[in-house]
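Enquirer: A single structure is presented below for examination.
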Amino acid sequence: MSIEQIASFIVVLGVLIFVHELGHFLMAKRAGVGVLKFSLGFGPKLLGVKRGETEYLLSALPLGGYVKMIGEDPGDTSPEATDPERSFSQKRVGIRALIILAGPLTNLLLPILLFSGINMTVGQDYVVPVLGRPDANSPAAEAGLEPRDRILAVDGKPVTRWEEVELPVRMSTGEPVVLTVQREGRTFDVRLTPRKSKLFDPLGQEHEVWDVGLHPLIPAQVARVEPGLPARAAGVQAGDVIAAIDGTPVVEWEEMSRIIRSRPGQPIVLSVLRHGQPLEIRMTASRETEKEATGESREIGKIGIASAGPEVARERLGPFRAIAAGVEETAQTSLLLVQGVWKIIQGRISPRTIGGPIMIAQVTGEVAQRGLRQLIKWTALLSINLAILNLLPIPILDGGHLMFSLVEWLRGKPVSLRKRELAQQVGFVLLVGLMIFAFYNDIFRLLGRP
């Protein structure tokens, strides 16, 4: 990784830690609890300055931070620790829970602010309702819909976004829908009757939905060229539009990918449009081994290009719409991550998907190269991850402290110091084990091992 990529990772991580600890700090101050230390990082002090009773520190180990409050240690019997006005341990259980919860909540507030800010300033991206090739034997295919058809309205209601097409179909309960379609300057209506079909969400969970077999068009346009693979060596560039492979015209990324994957080790000729000018680029696809869902391995061709995704447009939103969209995106991402964690616990998603600091640093560096907007969105995603991780009911994390607070509220008295210390030790071992496992996954990814 370059120095710029490492710097991006340090800045992003620093922001997330600062925001998390700031939540604890501000809520503690609001509750009248004395704060002795506010540290970014753990371990030996690198820099420090004292303002009032609080020492603000930059510490050597950057993978976290802490706020040290008066009376936080249950075994502390000093006069300050027993002061009901200034001591954390002397506050009501509800107040203590709010101080604990403030860190993760601040990490959830940050993405709302970041997403909302992007929506207001740069704009919100949305997929335009231009069709890809319909599913075989689907109502859309039987009605003769074709790639590049544009949907103008659903049941007479004008649409500009793909979701405005998808949602009425999903909500139809099988009742026919009428699509107004534009093709090469001609406009016509198509009546489709949705059927029940299986849909897999990003976590691989199957859902039964009403569907007509439509998908947005993902054009065969290159967004990124991977180093060390045939496309980079042959001179393919980001922005190139692939019009044909070995003379076979292609419209969508999927059909282009299917042809390349079917030719491991074979020479291929890409017919490319670059800034409107036609080019022919020759290369030989590399041989890669891929595991199928059945567990069997097969050989596929790969040239090292990545898709730009479906065609999108951008709309700048007003403050209220921007904030609403920011809340919605944060909530949806949070729910998806919670479901993902639960599926890992259930064994339905491989724990090999867990990434550690090395992977996060790599991805942060790559995202930073794509521009500030993408880096801000990635920071928002990491902030949601940090909030959810901290809310896990593991002693030593915020979720573990909240669990103790809940038990105290239910029992009417705190958990004994001995039991708390034992639980903290168990939690520490679990957390260290998780970190070691994440590092193990990261190292094996670097080595190219599955």
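Enquirer: Please verify whether Leu36 is in the same structural domain as Asn390 (by TED's automatic domain parsing), over 33 Å from the mean Cα position of the chain (by Cα) and not in a helix (DSSP H, G or I), treating the condition exactly as stated.
Expert: The answer is yes for Leu36.
Enquirer: Taking Thr187 as the residue in question, decide whether it is closer than 16 Å to Pro139 by Cα and either touching a helix residue (DSSP H, G or I) at 6+ places or on another chain (Cβ under 6 Å) or assigned by TED's automatic domain parsing to the domain that holds Leu145 (or both).
Expert: Working: closer than 16 Å to Pro139 by Cα: no; either touching a helix residue (DSSP H, G or I) at 6+ places or on another chain (Cβ under 6 Å) or assigned by TED's automatic domain parsing to the domain that holds Leu145 (or both): yes.
Spelling it out, it is not the case that Thr187 is closer than 16 Å to Pro139 by Cα and either touching a helix residue (DSSP H, G or I) at 6+ places or on another chain (Cβ under 6 Å) or assigned by TED's automatic domain parsing to the domain that holds Leu145 (or both).
Enquirer: Tell me which residues, restricted to region 167-190, are surrounded by fewer than 14 Cβ atoms within 10 Å (Cβ to Cβ) and among the small types (Gly, Ala, Ser).
Expert: Result: Gly174, Gly185.
Enquirer: Enumerate the pairs (first residue in region 295-310 and assigned to a strand (DSSP E or B) and at pLDDT below 90; second residue anywhere and surrounded by fewer than 17 Cβ atoms within 10 Å (Cβ to Cβ) and hydroxyl-bearing (Ser, Thr, Tyr)) with beta-carbon separation below 7 Å, excluding pairs fewer than 6 apart on the same chain, so at least 6 apart or on different chains.
Expert: Ser297/Thr289; Glu299/Thr289
Enquirer: Right, next: Return the pair list, or none, for Cβ contacts closer than 7 Å from residues in region 72-94 that are under 18 Å from Glu421 (Cα atoms) and exposed (fewer than 14 other Cβ atoms within 10 Å of the Cβ) to residues that are among the small types (Gly, Ala, Ser) and at pLDDT below 85, at least 6 apart or on different chains.
Expert: none
Enquirer: Please specify each residue of region 14-33 satisfying the condition of being under 16 Å from Leu57 (Cα atoms) and without any contact (Cβ under 8 Å) to a residue 60 or more places away in the chain.
Expert: Gly14, Ile17, Phe18, Phe25 - these are the residues of region 14-33 that are under 16 Å from Leu57 (Cα atoms) and without any contact (Cβ under 8 Å) to a residue 60 or more places away in the chain.
Enquirer: Restricting the search to region 250-289, which residues are over 21 Å from Glu311 (Cα atoms), assigned to a strand (DSSP E or B) and among the basic types (Lys, Arg)?
Expert: Once the filter is applied, which keeps residues that are over 21 Å from Glu311 (Cα atoms), assigned to a strand (DSSP E or B) and among the basic types (Lys, Arg), region 250-289 yields Arg282, Arg287.
Enquirer: In region 150-164, is there at least one residue being out of contact with any Gly (no Cβ under 9 Å at 6 or more places or on another chain), acidic (Asp, Glu) and over 30 Å from Ser334 (Cβ atoms)?
Expert: yes
Enquirer: Further question on the same structure: Is there a residue in region 103-115 that is among the hydrophobic types (A, V, I, L, M, F, W, C), surrounded by 19 or more Cβ atoms within 10 Å (Cβ to Cβ) and farther than 20 Å from Leu337 by Cβ?
Expert: Taking every residue of region 103-115 in turn, none turns out to be among the hydrophobic types (A, V, I, L, M, F, W, C), surrounded by 19 or more Cβ atoms within 10 Å (Cβ to Cβ) and farther than 20 Å from Leu337 by Cβ.
Enquirer: Still on this structure, please answer the following. Quick one: would you say Val67 is part of a strand (DSSP E or B), exposed (fewer than 14 other Cβ atoms within 10 Å of the Cβ) and at pLDDT 90 or above?
Expert: Taking the combined requirement at face value, the residue does not satisfy it.
Enquirer: Something else now. Would you confirm whether any residue within region 52-59 is surrounded by fewer than 20 Cβ atoms within 10 Å (Cβ to Cβ) and either on the phi > 0 side of the Ramachandran plot or of a type in the set (A, V, I, L, M) (or both)?
Expert: There is at least one residue in region 52-59 that is surrounded by fewer than 20 Cβ atoms within 10 Å (Cβ to Cβ) and either on the phi > 0 side of the Ramachandran plot or of a type in the set (A, V, I, L, M) (or both).
Enquirer: Still on this structure, I have one more. Yes or no: Gly103 in contact with a Pro (Cβ under 9 Å, 6 or more places away or on another chain) and either within 28 Å of Leu417 (Cα to Cα) or not assigned by TED's automatic domain parsing to the domain that holds Leu372 (or both)?
Expert: So Gly103 does not fit the description; no.
Enquirer: Sticking with this structure for a sec: Looking at region 340-370, which of its residues are outside any helix (DSSP H, G or I) and either modelled with pLDDT of 75 or more or of a type in the set (Asp, Glu) (or both)?
Expert: Passing the criteria: Gln369, Arg370.
Enquirer: Also, quick follow-up: Here are the criteria: (1) more than 21 Å from Arg370 (Cβ to Cβ); (2) over 27 Å from the mean Cα position of the chain (by Cα). Tell me which single one Ser257 does not satisfy.
Expert: Failing condition for Ser257: (2).
Enquirer: How many of the residues in region 226-245 are over 26 Å from Ser297 (Cβ atoms) and either in contact with a Leu (Cβ under 9 Å, 6 or more places away or on another chain) or assigned by TED's automatic domain parsing to the domain that holds Arg195 (or both)?
Expert: Number of matching residues: 8.
Enquirer: Moving on to the next point. Which residue, of Val93, Val122, is of a type in the set (Val, Ile, Thr) and in contact with a Phe, Trp or Tyr (Cβ under 6 Å, 6 or more places away or on another chain)?
Expert: Numbers: Val122 fails: in contact with a Phe, Trp or Tyr (Cβ under 6 Å, 6 or more places away or on another chain).
Of the residues listed, the single one that is of a type in the set (Val, Ile, Thr) and in contact with a Phe, Trp or Tyr (Cβ under 6 Å, 6 or more places away or on another chain) is Val93.
Enquirer: Turning to a different aspect of this structure: Would region 80-96 turn up any residue that is touching a strand residue (DSSP E or B) at 6+ places or on another chain (Cβ under 7 Å) and not aliphatic (A, V, I, L, M)?
Expert: yes
Enquirer: Please name all residue pairs, on different chains or six or more residues apart, with Cβ atoms under 9 Å, provided the first residue is in region 222-249 and is exposed (fewer than 14 other Cβ atoms within 10 Å of the Cβ) and assigned to a loop (DSSP other than H, G, I, E, B) and the second residue is charged (D, E, K, R) and at pLDDT below 90.
Expert: Partner pairs satisfying both residue conditions: Ala238/Arg224.
The values are calculated or read from the model by the stated rules, or taken from the named source; none is laboratory data. Worth saying up front: this structure is predicted, and the values here are computed from it rather than measured. Virtual Cβ from ideal backbone geometry, glycine too; neighbours counted across all protein chains shown.
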